[in-house]
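Bear in mind these aren't lab numbers, they're just calculated from the coordinates by the rules spelled out. A quick note: this is a predicted structure, and the numbers were derived from the prediction, not measured. We place every Cβ from the backbone using ideal geometry, glycine too, and count neighbours over all the protein chains shown.
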Amino acid sequence: MNEETDWHPTACNLCYANCGVLVQVDRESGDILKVRGDKQHPASKGYVCNKAARINFYQKGKDRLDSPLKRTPDGDFEQIGWDQAIAEIASRLSEIKINHGGDKIFYYGGGGQGNHVGGSYSQPLRRFLGMKYQSNALAQEKTGLAWMNARMIGGGWHGDFENCDVGIIIGKNPWQSNSLQRARVLMKELSKNPDRTLIVFDPRRTETAQMADIHLAVKPGTDVWCLAAILGFLVQNDKVDLDWIERRTVGYERILRQLKKVPIQDYAAFAGISMEQIESAAECISSTNKVAVYEDLGVEMSPYSTLCSYLNILLFVLPGAYDTEGGTHIPQGLGNILAGDLAHEDDDGYEFDRARSPVTGARLIQGLTPCNSIPEEILSDHPDRFRGMIVESANPVHSLADTKRFLEAFEALELVVVIDVAMTETARVADYVLPASSQYEKSEGTFFPAEFPENFFHLRAPVLDPLPGTLSEAEIYARLLEELDGAPTVAYEELKVAAEAGLGEFSQKIGEAMSSNPEVAGSLPYLLYRTLGPSLPYANAEAASIWGLCQSFVMRHADQVRAAGFEGEGPELGNALFRGLLDNPSGSVISKTELGHPSQWPKERGKIQLRVSEMNDELDSLSHYKMPERSREFPLLLCAGERRSYTANTIIRDPKWMKSNNPSCLSVNPVDARRFGLKEAGRAILVSKRGRAEILVELDDRIQEGSVSLPNGLGLVYPNEKEKLERFGVHLNELTDLEDRDPWVGTPYHKHVRVRLEKIETSG
C-alpha cells in the first residue's frame with residue numbers, strides 16, 4: 001500500500017454534516033484502515049472531529065447482514081436466497097394491496113444517517129403499489145421548523161456563521177453534535193473575536209455554552225418564554241428595523257402588537273434568566289443585521305417546539321438580518337430538506353386542506369406522518385389502518401418514543417420488511433430482513449449541508465466492494481418492482497446504448513421516452529438505474545437518480561449553477577452539473593447565489609409572512625405559564641439523548657467504538673445526588689411512567705438542579721465477547737411516552753421526560 005496515494009475520498013456518516021474524509025481501505029477484508037480529513041472538500045476543508053476515525057465500526061460490525069432472512073413460525077430466522085425473498089415479499093405486498101389497498105402499506109426510512117440516495121429508488125415501487133403514507137426521523141425532529149419555513153420564508157434557512165456579528169445557538173451543542181461545517185473551528189472563532197458575540201440557549205453548561213459571551217441557561221422547557229422576552233424587549237424599546245419589516249414582510253401587525261404586550265420581566269423570571277441577560281442579548285441582536293441563528297433538537301424535542309421555531313425566525317427577521325452578509329439565507333442545495341410544504345390559508349391566516357394521516361388525522365408536514373402517531377395508525381380497528389410496513393435504513397423500534405408501544409404495533413402488522421446493513425432491534429421483529437450494502441460499498445450523497453453563497457453537493461463513489469450476499473437499495477427495489485411487473489414498457493436496450501454514447505444522447509432519448517409514455521416519469525429512478533447506471537464511471541450505478549436531480553435543479557436555478565462555473569442550457573447544463581459531481585470525488589460547488597436574488601424570497605408574495613395564526617394564538621397562551629408538570633411521583637426532568645464525545649447515532653452498533661468505560665452514565669447535579677442519597681459511580685434506578693432502567697450515576701454541576709441527562713446511541717442489543725446477545729447501555733425509548741408530544745406536528749418531548757430516581761440499596 002502506498003501511504004501517499006492509496007487514499008480514497010468519501011464522507012463521515014456520524015452526523016448530517018457528512019464531513020469529507022480520506023480513507024485507506026483493505027478491499028480483501030472490507031476494512032477501513034485509516035481516516036483523515038479531506039482538504040479538498042469544499043465545505044469541511046480537512047476538518048473532522050474525533051468521531052470520524054471510528055467509522056470502520058459501522059463498516060465491520062459483528063451483526064452485519066449477508067443473507068436475506070425469513071422469520072420462522074417459532075419466531076427465529078432462517079436464511080433464504082434472494083430470488084425466494086423477492087418473490088415472497090412481492091407476493092405478500094400484492095396480497096395486502098388486493099385485500100386492503102396499497103395505501104395500507106406504510107413506508108419508513110429513505111434517509112438513514114448519511115444513507116440518502118437509496119431511498120429515492122423506493123419511489124417507483126411505492127407508486128406502483130399505491131403506497132401513500134411515509135415517515136422518517138425528520139418527523140420526530142424537524143417538521144415544526146419545516147412547517148414554519150414553508151409558511152413564512154418559503155424554504156429551509158441557514159445562518160451565515162462564517163461572517164455573522166452575532167451567532168445564536170438554540171438547543172444545540174455543536175462542540176459535540178457538529179452539524180455545522182467546521183463546527184469547533186467556527187465556535188472558537190466566534191468566542192475569541194471581541195467584535196463578535198456568541199449567544200447560547202441551553203439549560204446545561206455545555207462545551208459550547210462555556211464558550212458563549214451570553215449563556216442563557218433557561219430552565220428546561222422554558223426556551224419559548226426567554227425568546228418571547230427578548231423579542232418583547234426589542235419591540236418595546238424600538239430596537240427593530242421597522243422600515244425593513246414594513247418593506248420586506250407581510251402580516252407583521254399582529255405579532256408586533258403581541259410582542260408589545262409581553263410581560264418581559266415575568267417571562268424572564270419564569271425562564272430563570274435575569275433581566276440583565278435579556279437586555280444584553282437584545283442589545284446585541286439589535287446592533288447589527290448580521291445575525292445567524294441555528295436551532296436544533298434541544299428545542300425541537302421540547303414543549304412549545306413549533307412556537308419556538310416561529311420565534312427563532314423572528315430573531316433574524318425583526319433586526320432585518322435576512323438576505324444580508326453574515327445574516328440568514330435560503331441555500332440552493334440539490335435538495336432543500338427543510339423547505340416544508342404549503343397548504344391553503346383562510347382569510348384569518350389559519351391553514352386548511354392540509355393532508356392528514358388516515359386514522360388519527362395528524363398533520364402530514366413534508367408528507368411525513370408524525371412518528372409518535374405511527375402506533376395509533378396501526379393499533380386500531382379503523383378500516384384505513386396500516387397493515388404492512390417497509391422499513392429502510394432505520395430502526396424505529398429503538399429510536400422512536402415508547403418502544404413498548406411500537407413493539408405492540410409491529411406485532412399487529414400483517415407484514416414487516418426491513419432493509420438494513422445490520423440486525424437491528426427493528427429487524428429482529430420483522431418478517432423478512434434484506435441485507436443492504438453499506439454506505440461505503442455503493443454510491444451515496446450528502447444532502448443536509450446548506451451553505452451560502454456557495455452551495456455544494458458531495459457525490460460519494462464506493463470505496464469498498466459490496467459485502468457478498470448484500471445488494472444496494474436500488475437493486476432491491478428494482479427487483480421487487482420487476483417481480484410485480486411494475487416496470488415501465490420502454491426500449492431499455494436503446495436507452496443503454498444511448499447512455500454508453502454519452503449524457504447528451506441519453507438526455508434526448510430519455511426525454512423522448514417520457515414524452516411518449518406517461519409511466520416513465522413516475523418510474524424515473526428505476527429507469528435511470530437500469531439504463532444509465534451501468535455506464536457510469538467509478539462503479540457509480542446507484543448515482544443514476546442524481547442525474548434526474550441535477551436536471552430538476554438546473555430548471556429552477558440555472559443562473560446560479562452557471563455562476564458556479566457550469567456551462568450550457570437546459571438538459572446540457574444538467575449534464576454538465578452531473579459530470580462535475582462524478583468527476584470531483586471530494587465534492588463540488590453546485591451553485592452560487594448573490595444577495596438579493598429572487599430565490600431568497602417567497603415566490604408568490606416576494607415578502608416574508610409573519611402572520612401564522614396558529615402560532616400567534618399559542619403565543620397568547622404563554623401568559624398562562626402552562627407546561628407538562630412535574631409531580632411528587634416524577635420530580636425530575638430527563639434530557640433523553642445528549643451528545644457526548646463518544647456517542648452518536650445508532651448506525652454504529654458495536655459499543656467498542658466508544659472510548660469510554662461507562663458511556664451510558666446518568667448526569668446528575670450534586671445537589672440532587674445528595675437529595676436522593678446517590679454517589680459518584682453509584683448505581684440507581686431511573687423510573688418514568690413508561691419504564692425503568694438501572695443506571696450508573698455521574699455527578700455533574702453543569703446540569704441544573706432537578707434535571708438529569710442520558711446520552712443517545714446506546715441501549716443496543718449486540719453480540720458480546722462470547723457471541724451472546726447483550727444490551728449495552730440504557731435504551732432511552734423504554735422510558736419515553738409517545739403521548740408526550742407537540743400538539744401541532746407531533747414531535748416528541750425527548751428533552752423533557754418526567755422521571756424519578758430510586759437508590760439501589762446494597763447489603764453490607
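Taking Cβ atoms as reference points and 11 Å as the exclusive limit, the residues near residue 618 contribute a net charge of -3, counting Lys and Arg as +1 and Asp and Glu as -1. Net charge in the neighbourhood of residue 358 (other residues with Cβ under 9 Å of its Cβ; Lys, Arg +1, Asp, Glu -1) is +1.
Run through the DSSP bridge list for the chain and note the antiparallel percent, rounded to the nearest 5. Counting only bridges with both partners in the chain, antiparallel ones make up about 55 percent. In whole Å, how far is the Cα centre of segment 311-328 from that of segment 135-203? Each part reduced to its Cα centre gives a spacing of 13 Å. The modelled label-to-label distance for the pair residue 50/residue 617, using points 7 Å beyond Cα in the direction of Cβ, is 4.8 nm. About the centre of its Cα atoms, segment 628-759 shows a dipole size close to 180 debye [charges on the beta carbon of Lys, Arg (+1) and Asp, Glu (-1) only; nearest 20 debye]. For Cα Rg over 2.2 N^0.38 Å, the value computed from the atomic coordinates appears in the list (1) 0.94; (2) 1.30; (3) 1.01 under label (1).
The lysines within cross-link reach of residue 45, meaning a Cα-to-Cα straight distance under 19 Å and a gap of 8 or more places when in the same chain, are 34, 188, 592.
Arranged from fewest to most other beta-carbon atoms within 10 Å of their beta carbon, 238, 620, 266, 347 become 347, 238, 620, 266.
By other beta-carbon atoms within 10 Å, ranking 456, 352 with the fewest at the front produces 352, 456.
When only Cα pairs below 8 angstrom with a gap of at least 6 residues are kept, segment 628-759 shows a relative contact order of 37 percent. Available extension along the chain between residue 242 and residue 683 is 153.1 nm, counting 0.36 nm per residue and deducting the alpha carbon span.
For segment 628-759, the number of Lys pairs with C-alpha atoms closer than 16 Å, counting only pairs eight or more positions apart or on separate chains, is 4.
The phi-based Karplus calculation (6.51 cos²θ - 1.76 cosθ + 1.60; θ = phi - 60°) puts the 3J(HN,Hα) values of segment 451-468 at 10, 8, x, 9, 10, 10, 9, 10, 8, 9, 6, x, 10, 9, 6, x, 4, x Hz, whole numbers, x for Gly and Pro.
Taking Cα centre as origin and charging only the Cβ of basic (Lys, Arg, +1) and acidic (Asp, Glu, -1) residues, the dipole magnitude of the chain rounds to 1640 debye. Straight-distance candidates among the lysines for linking to residue 132, with alpha-carbon spacing under 22 Å and chain neighbours fewer than 8 residues away dropped: 97, 104, 142. Of interest is the spacing of the C-alpha centroids, which for segment 34-97 and segment 584-634 amounts to 34 Å. On the basis of the beta-carbon distance and an R0 of 45 Å, residue 94 and residue 692 show a calculated FRET efficiency of 0.55. With a Cα cut-off of under 23 Å and a minimum spacing of 8 residues unless on different chains, the lysine pairs in segment 217-305 number 4.
A Förster radius of 45 Å, combined with the Cβ-Cβ distance separating residue 676 from residue 381, puts the computed FRET efficiency at roughly 0.55. Arranged from fewest to most other beta-carbon atoms within 10 Å of their beta carbon, 169, 230, 330 become 330, 169, 230. Please give the Cα centre distance for segment 660-713 versus segment 400-425, rounded to the nearest Å. What the calculation gives is 29 Å, centre to centre.
The mean sequence separation of alpha-carbon pairs under 8 Å and at least six residues apart, normalised by the residue count of the chain, gives a relative contact order of 18 percent.
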